[in-house]
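Student: Sharing a structure below in structure tokens format, with a few things to ask.
Each reported figure results from applying straightforward, stated rules to the coordinates on display, with no laboratory input. Note that the structure is a prediction, hence the values are computed from the model and not measured. Quick reminder, even Gly has a Cβ in these numbers, built from the backbone with ideal geometry, and neighbours come from all protein chains shown.
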Amino acid sequence: MNKINLETSINHHIAISAIMIKRVFYKILSNHDLKITPEQWVLLNYISESNGYTIGELSGLSVKDFANTSRMIQKLDIAGFITKKADPADKRISKLYLSKEGKDLIEQLHQCAFESTNIAIEGIDKEIQEIVLHTLKKVISNTNNYLK
């Protein structure tokens, strides 16, 4: 039987890295007195870059299940950070957009994200960062292909 050594396990280190990066981001958001989660930031970021996404589209982009995405969108809507508008082509579908408050918030969130990223990559050369990013994208592609 093969035994996994956690000290040399890539999967384990990816998981720990993700947890630690999220903790840093939570702390930075808290330090800036922003009442939003990293997961909500991801949704706001996608919405800010689009011309209106549906909840289903955001669910796919963020790799979150529909129910969790829907709950996060509801909280962002109640907080006044997004608006919902009926799709002109299909009135049954709602498209999501940033409100004025959401646009103001997204600028602050980008600064927090930059701060978080800078903490995580401190001391890592640009060339290595590009290799890590390329490698992580390959890991995501491999796992996504397996799950299809």
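Okay, residues lined up against (1) more than 26 Å from Ile16 (Cβ to Cβ); (2) polar (S, T, N, Q); (3) assigned to a helix (DSSP H, G or I):
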{"position": "Gln40", "(1), (2), (3)": "no, yes, yes"}
{"position": "Lys91", "(1), (2), (3)": "yes, no, no"}
{"position": "Ala113", "(1), (2), (3)": "no, no, yes"}
{"position": "Ser116", "(1), (2), (3)": "no, yes, yes"}
{"position": "Gln129", "(1), (2), (3)": "no, yes, yes"}
{"position": "Tyr146", "(1), (2), (3)": "no, no, yes"}
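Student: Turning to a different aspect of this structure: Could you list, in sequence order, the residues of segment 78-111 that are β-branched (Val, Ile, Thr) and within 17 Å of Glu57 (Cβ to Cβ)?
Tutor: Hits for segment 78-111 are Ile82, Thr83, Ile93.
Student: Assuming Lys84 fulfils every condition listed in (1) of a type in the set (D, E, K, R); (2) surrounded by 11 or more Cβ atoms within 10 Å (Cβ to Cβ); (3) within 30 Å of Val139 (Cβ to Cβ) apart from one, which condition is it?
Tutor: (3)
Student: Those residues that are within 11 Å of the chain's Cα centre (by Cα), touching a residue at least 24 places away in the same chain (Cβ under 8 Å) and part of a helix (DSSP H, G or I), I need them from segment 48-68; list them, please.
Tutor: Residue satisfying the conditions is Leu58 alone.
Each row is one residue, and each column tells you yes or no for (1) in contact with a Ser or Thr (Cβ under 8 Å, 6 or more places away or on another chain); (2) of a type outside the set (S, T, N, Q); (3) exposed (fewer than 13 other Cβ atoms within 10 Å of the Cβ); (4) at negative phi.
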site	(1), (2), (3), (4)
Ser17	no, no, no, yes
Asn31	no, no, yes, yes
Val42	yes, yes, no, yes
Gly52	no, yes, no, no
Leu61	no, yes, no, yes
Gln74	no, no, yes, yes
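Student: So which of Ile14, Ile36 is more than 20 Å from Ala79 (Cβ to Cβ), out of contact with any strand residue (DSSP E or B) (no Cβ under 7 Å at 6 or more places or on another chain) and touching a residue at least 40 places away in the same chain (Cβ under 8 Å)?
Tutor: Matching residue, one of Ile14, Ile36: Ile14.
Student: Further, regarding this structure: Being among the charged types (D, E, K, R), in contact with a helix residue (DSSP H, G or I) (Cβ under 8 Å, 6 or more places away or on another chain) and closer than 13 Å to Ile36 by Cα is the requirement here; does Lys103 meet it?
Tutor: Answer is no for this residue.
Student: Oh, and also: Could you list all residues from segment 93-115 that are under 13 Å from Leu76 (Cβ atoms), without any contact (Cβ under 8 Å) to a residue 40 or more places away in the chain and either of a type outside the set (D, E, K, R) or buried (at least 20 other Cβ atoms within 10 Å of the Cβ) (or both)?
Tutor: The answer is Ser99, and nothing else.
Student: Given the structure, is Glu7 part of a helix (DSSP H, G or I) and of a type in the set (Asp, Glu)?
Tutor: The answer is no for Glu7.
Student: Is one or more of the residues making up segment 98-109 under 27 Å from Val24 (Cβ atoms) and assigned to a strand (DSSP E or B)?
Tutor: From segment 98-109, those under 27 Å from Val24 (Cβ atoms) are 98, 101-109; that's our starting set.
Still in the running and assigned to a strand (DSSP E or B): 98.
Yes, there is a match, as at least one residue in segment 98-109 is under 27 Å from Val24 (Cβ atoms) and assigned to a strand (DSSP E or B).
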